[in-house]
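Below is one structure; the comments refer to it alone.
The values are calculated or read from the model by the stated rules, or taken from the named source; none is laboratory data. The structure presented is a predicted model; accordingly, all values stated were derived computationally and were not measured. Ideal geometry is used to build each Cβ from the backbone, glycine not excepted, and the neighbour counts take in all protein chains shown.
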Amino acid sequence: MVPMYTIRRSVPVLIALVSLLSACSTEPKPTAPSAPPPVTMPPPVGPVVVPPPVQPPAPTAPTAPLTPATFAALPGWQQDDVRQAWPAFLQSCSVLASRQAPWKAPCAAAGAVDAKDVVAVRRFFETYFVPNQVRNPDGADTGLITGYYEAMLYGARKRGGAFQTPLYRVPDDLVTVDLGSIYPDLQNRRLRGRLSGKTVIPYQSRADIDRAPLSGKELLWVSDPVDAFFLEVQGSGRIKLDTGETVRVGYADQNGHPYKAIGRWFVEQGIMTPDKVSAQSIRAWIAANPSRRQELLNVNPSYIFFTETKVADPGVGPRGALNVPLTPGRSIAIDRTILPLGAPVWLSTTMPKDGAPLQRLVMGQDVGGAIRGAVRADFFFGFGTEATENAGLMKQRGTMWVLLPK
């Protein structure tokens, strides 16, 4: 039975709705323990000794998530061809310069930089920015670096033949409220659900939608349900239609349920060890266990709804959360509750196949349901077979420095 909540004009109830209907969570307040029954003590014999008060341990100071550093401390800084990151940086500037005052000066100065001169581009960042090493709350300076890509699927505008799996547009009954626009303390938090009379209930989960499809909300039909699931994980992709036309679909909204990685399910079930989990191994398991496919996919209750756009330039990536096109090899997804969306980031990690160093300047232009934490990033590999393979294998350790305007 689905719990129901009456809408009220009060902050506590609204916060309670957030904890239930969105990926956000709120720590419950501990209940006060009931008073113990009185204990009768015998009268003391001899002098009463009063022990000294026990001093509580000194609180541990929280580790600052950002520690100022120098460009000399960035591994590989002098070796990276930072010119390749310049177009992505200008994309960030197209948004940030008009929104945040600290970005006005560096973005204005960028217009005078010779984009073909690697020395000039490197000097620009050294002049206008300060690298800050990113650390986790426990003080660790390393974290998980994964990868994503722009997928290719095959589909049609009407159901038929091999095209039996729907991609849905945003349903009319999905209610999305940007809580940060009303309550600053809830910045970047959204409430999603649906109305039932005068009450709000959680929106359908993946399992619910599988049992009762959203008839009439189909955007396109594709040929492979597993490809459709991975398209949701990536957030965007291209669909080659049976007419020969290729269109792009991108993230439009989400059903409000938290993202749960199916790779973790494999580990919890003892089917695979963490080092064996990858997109490739998950696909292989599904192929060997087709009767359990939907059981596996339903482990993740989150469901993504899409919007369709034209592919004006096949060489330009899909738009990320900053609403600018992503640049293959130079854009990453970050946790924007910790790092500023759009900022340059120095990433030091390794490639998944051969362990070769991957040390380069990237831009934090996207977000993701699984990208949570300070030292945590999703590296955008781009489009194509090689990008798909690398992204599926990417789960490296890495360090990060965010470059902030002086």
Candidates Leu361, Leu404 - the one that is surrounded by 22 or more Cβ atoms within 10 Å (Cβ to Cβ), touching a residue at least 40 places away in the same chain (Cβ under 8 Å) and not hydroxyl-bearing (Ser, Thr, Tyr):
Leu361
Apart from one, (1) touching a Phe, Trp or Tyr at 6+ places or on another chain (Cβ under 9 Å); (2) surrounded by 22 or more Cβ atoms within 10 Å (Cβ to Cβ) all hold for Pro352; the odd one out is (1)
Given the residues Leu341, Leu296, which is the only one that is assigned to a loop (DSSP other than H, G, I, E, B), of a type in the set (A, V, I, L, M) and surrounded by 15 or more Cβ atoms within 10 Å (Cβ to Cβ)?
Leu341
Of the conditions (1) more than 26 Å from Leu322 (Cα to Cα); (2) surrounded by 13 or more Cβ atoms within 10 Å (Cβ to Cβ); (3) modelled with pLDDT under 90, the single one that Gly197 does not satisfy is (2)
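Of Ser291, Ser281, which residue is of a type in the set (Ser, Thr, Tyr), closer than 15 Å to Pro225 by Cα and not in a strand (DSSP E or B)?
Details: Ser281 fails: closer than 15 Å to Pro225 by Cα.
One residue alone meets the criteria, Ser291.
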Which numbered condition in (1) of a type outside the set (A, V, I, L, M, F, W, C); (2) out of contact with any strand residue (DSSP E or B) (no Cβ under 6 Å at 6 or more places or on another chain); (3) farther than 16 Å from Gly364 by Cβ is the only one that Asp80 fails?
(2)
Is it true that some residue in the range 245-254 is in a loop (DSSP other than H, G, I, E, B), among the polar types (S, T, N, Q) and at pLDDT 95 or above?
no
Among the candidates Ala85, Ala120, Ala108, Ala69, residue that is of a type outside the set (Ser, Thr, Tyr), loosely packed, with under 14 Cβ neighbours inside 10 Å and modelled with pLDDT of 95 or more:
Ala108
Here the qualifying pairs (Cβ atoms under 7 Å; residues six or more apart or on different chains; first in the range 189-207 and under 20 Å from Ala252 (Cα atoms); second hydroxyl-bearing (Ser, Thr, Tyr) and assigned to a strand (DSSP E or B)) come out as Arg190/Thr176; Arg192/Thr176
Just one of (1) surrounded by 19 or more Cβ atoms within 10 Å (Cβ to Cβ); (2) touching a Pro at 6+ places or on another chain (Cβ under 6 Å); (3) not in a loop (DSSP other than H, G, I, E, B) trips up Ala374, so point out which.
(3)
Looking at Tyr128 and the list (1) loosely packed, with under 12 Cβ neighbours inside 10 Å; (2) touching a strand residue (DSSP E or B) at 6+ places or on another chain (Cβ under 7 Å); (3) hydroxyl-bearing (Ser, Thr, Tyr), which single condition is not satisfied?
(1)
Does Phe266 meet the test of being surrounded by 14 or more Cβ atoms within 10 Å (Cβ to Cβ), under 17 Å from Ile209 (Cα atoms) and of a type in the set (Phe, Trp, Tyr)?
no
Of the residues in the range 209-244, those that are acidic (Asp, Glu) and assigned to a loop (DSSP other than H, G, I, E, B) number 2
Please find, among Gly398, Gly317, Gly382, Gly368, the residue that is on the phi > 0 side of the Ramachandran plot and small (Gly, Ala, Ser).
Gly382
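Residues are listed down the side, and each one gets a yes or a no for (1) free of Cβ contacts under 8 Å to residues at least 40 places away in the same chain; (2) touching a helix residue (DSSP H, G or I) at 6+ places or on another chain (Cβ under 9 Å):
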| site | (1), (2) |
| --- | --- |
| Ile282 | yes, yes |
| Asn289 | yes, yes |
| Arg292 | yes, yes |
| Pro301 | no, yes |
| Glu308 | no, no |
| Asp313 | yes, no |
| Gly317 | no, no |
| Ala321 | no, no |
(1) under 30 Å from Lys395 (Cα atoms); (2) at pLDDT 95 or above all hold for Asp138 apart from (2)
Take the residues of the range 232-261 that are within 24 Å of Val299 (Cα to Cα) and of a type in the set (D, E, K, R): which is surrounded by the most Cβ atoms within 10 Å (Cβ to Cβ)?
Glu232
Scanning the range 305-334 for residues that are part of a loop (DSSP other than H, G, I, E, B) and polar (S, T, N, Q), the one surrounded by the most Cβ atoms within 10 Å (Cβ to Cβ) turns out to be Thr327
Restricting attention to the range 277-317, which residues are modelled with pLDDT under 95 and basic (Lys, Arg)?
Lys310
